[in-house]
Amino acid sequence: MAFSASRLDEIGRPAWIAITIATFWLWWPLGLAVLAYCAFGRRRGRGMNRGQWRFPDMMGRCASGFSYAPPSGNRAFDEYRSETLRRLEDEQKEFVEYLDRLRQARDKQEFDQFMADRRQRPARTEDFNQPS
């Protein structure tokens, strides 16, 4: 698969997509193998994206929030970036709290409506405990 993989790398992403679709169409286990090769094989971090995207690095950044970024070398920019990211994280927290308050208010309104409807229903006179 080495010669064909390097040849597909020269063509680019459309070739890999076409090969993956074709192998799924021919025999789905082969399609899974090609898909796994594309996702976890030697192409991870190279090939299609030319080293721009690495899955483990992105997972680390997403897990710790977006506050981590390597220093750019410009101290003023690094301070501006960290302050902006801190402000955005604070705004995000405030927005999530706002959405929680909205959900709680909506739930309370629906519950109050349910209880009001329940109070307006006529009471049942049947007793289910007595045998008929």
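Once Rg and the Kirkwood radius are both taken over the C-alpha atoms of the stretch 71-121, their ratio Rg/Rh works out to 1.52. Exposure proxy ranking for R13, R119, R103, based on other Cβ atoms within 10 angstrom of each Cβ and starting from the fewest, stands as R119, R103, R13.
Laboratory data are not the source of any read-out in this text; all were calculated from the coordinates shown. Please read these numbers as outputs of a predicted model, since none were measured by experiment. Please note: Cβ atoms are built from the backbone with ideal geometry, for glycine as well, and neighbour counts cover all protein chains shown.
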